[in-house]
Amino acid sequence: MAWMSWAGFRNNLTYAAPELERLGIPALIHVATGHIGQSGLLWTQELDERIGSWKQTNLPMPQGQADASMPTHTADRWQLADRIRGICKRLPHEGRVAYLNRLRQEQLSVDEGWQRELYAFLSWDEVRALAHRGFSIGSHTVSHPILTTLSRDDLLLELGESKSRIERELSQPCPWIAYPNGGPTDVSPGVVQAVAEAGYTIAFTLMGSINPKSLRPLEIDRVCVPGELSVDEFHASLNGLSAWLRTL
């Protein structure tokens, strides 16, 4: 089975679904319910776009660090955005929101055609259309936060509300969830326990490892396939060679 996280972007319907159907490949598509039918960006994408289009000479940095000089070259801006995104993923939720609010002092425009195509979310009617075409729909939380940075109450809200909204909209059970980001610092025993308490029976991480023969249903690792991989790298990722090499 193919597995797609991507939080419920509309291109899952317009691009991925027809190709998966043509090849006869079933798929599980996870949606961040708070973004379905909305026009906003995921916080990670908003961060990238704000840094990429920042007009001032200096850029505020998270964690009280000194402002950074804003690079002039696009590639350097994206490299800086990548570094800051990594820092923000480790911040407490409130700190990450506070930092984004600092960047929101400048207006952000995502009016380019490629941006609308890349960032547009599905509507609930479109999610139902995918389900009716045979695709499974899983949870990716409500707002796609890093779950280990949340308070217990916020964690339970993200898990429970997303599951119940999908089940309400689709009139079918939702036993699946994908942990946002899904890496070693994003999934803790407490998060796994909360996922179980919320009623999920299958959950997916992104640890970059090889799944053992005796799977732990709430910690099933998945393979990340970035678009820039070569064909050889793609096959190495799928057959476990890349994960095996990382253990050496």
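The rows are residues; the columns are (1) modelled with pLDDT of 95 or more; (2) over 17 Å from the mean Cα position of the chain (by Cα); (3) assigned by TED's automatic domain parsing to the domain that holds Met61.
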{"residue": "Arg90", "(1), (2), (3)": "no, no, yes"}
{"residue": "Gln107", "(1), (2), (3)": "no, yes, yes"}
{"residue": "Arg128", "(1), (2), (3)": "yes, yes, no"}
{"residue": "Ser139", "(1), (2), (3)": "yes, no, no"}
{"residue": "Leu155", "(1), (2), (3)": "yes, no, no"}
{"residue": "Leu159", "(1), (2), (3)": "yes, no, no"}
{"residue": "Cys174", "(1), (2), (3)": "yes, yes, no"}
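Quick check on region 1-43: of everything there that is of a type in the set (Ser, Thr, Tyr) and buried (at least 18 other Cβ atoms within 10 Å of the Cβ), which residue is modelled with the highest pLDDT?
Thr33
Results for (1) touching a His at 6+ places or on another chain (Cβ under 7 Å); (2) within 25 Å of Ser139 (Cβ to Cβ); (3) small (Gly, Ala, Ser); (4) in contact (Cβ under 8 Å) with a residue 24 or more places away in the chain, shown as yes or no for each residue.
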| residue | (1), (2), (3), (4) |
| --- | --- |
| Ala194 | no, yes, yes, yes |
| Gly208 | no, yes, yes, yes |
| Lys213 | no, no, no, no |
| Glu219 | no, yes, no, yes |
| Glu233 | no, no, no, no |
| Asn239 | no, no, no, no |
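So which residues in region 37-74 are assigned to a loop (DSSP other than H, G, I, E, B), in contact (Cβ under 8 Å) with a residue 24 or more places away in the chain and hydroxyl-bearing (Ser, Thr, Tyr)?
Passing the criteria: Ser39, Ser53.
Filter region 136-173 for residues that are farther than 23 Å from Ala27 by Cα and among the hydrophobic types (A, V, I, L, M, F, W, C) and give the result.
Hits for region 136-173 are Ile146, Leu147, Leu150, Leu155, Leu156, Leu157.
Restricting attention to region 208-226, and to residues there that are out of contact with any helix residue (DSSP H, G or I) (no Cβ under 9 Å at 6 or more places or on another chain) and among the hydrophobic types (A, V, I, L, M, F, W, C), which single residue is surrounded by the most Cβ atoms within 10 Å (Cβ to Cβ)?
Filtering region 208-226 for residues that are out of contact with any helix residue (DSSP H, G or I) (no Cβ under 9 Å at 6 or more places or on another chain) and among the hydrophobic types (A, V, I, L, M, F, W, C), the one surrounded by the most Cβ atoms within 10 Å (Cβ to Cβ) comes out as Ile220.
What is the one condition in (1) touching a residue at least 40 places away in the same chain (Cβ under 8 Å); (2) surrounded by 16 or more Cβ atoms within 10 Å (Cβ to Cβ); (3) not in a helix (DSSP H, G or I) that Thr185 does not satisfy?
Tallying (1) touching a residue at least 40 places away in the same chain (Cβ under 8 Å); (2) surrounded by 16 or more Cβ atoms within 10 Å (Cβ to Cβ); (3) not in a helix (DSSP H, G or I), Thr185 fails exactly one: (2).
Applying the selection to region 183-221, what residues are within 18 Å of the chain's Cα centre (by Cα), among the small types (Gly, Ala, Ser), modelled with pLDDT of 95 or more and within 21 Å of Arg90 (Cβ to Cβ)?
Once the filter is applied, which keeps residues that are within 18 Å of the chain's Cα centre (by Cα), among the small types (Gly, Ala, Ser), modelled with pLDDT of 95 or more and within 21 Å of Arg90 (Cβ to Cβ), region 183-221 yields only Ser188.
The values are calculated or read from the model by the stated rules, or taken from the named source; none is laboratory data. Bear in mind the structure is a predicted one, so any value in this text is a computation, not a measurement. Cβ atoms come from the backbone with ideal geometry, glycine included; neighbour counts cover every protein chain shown.
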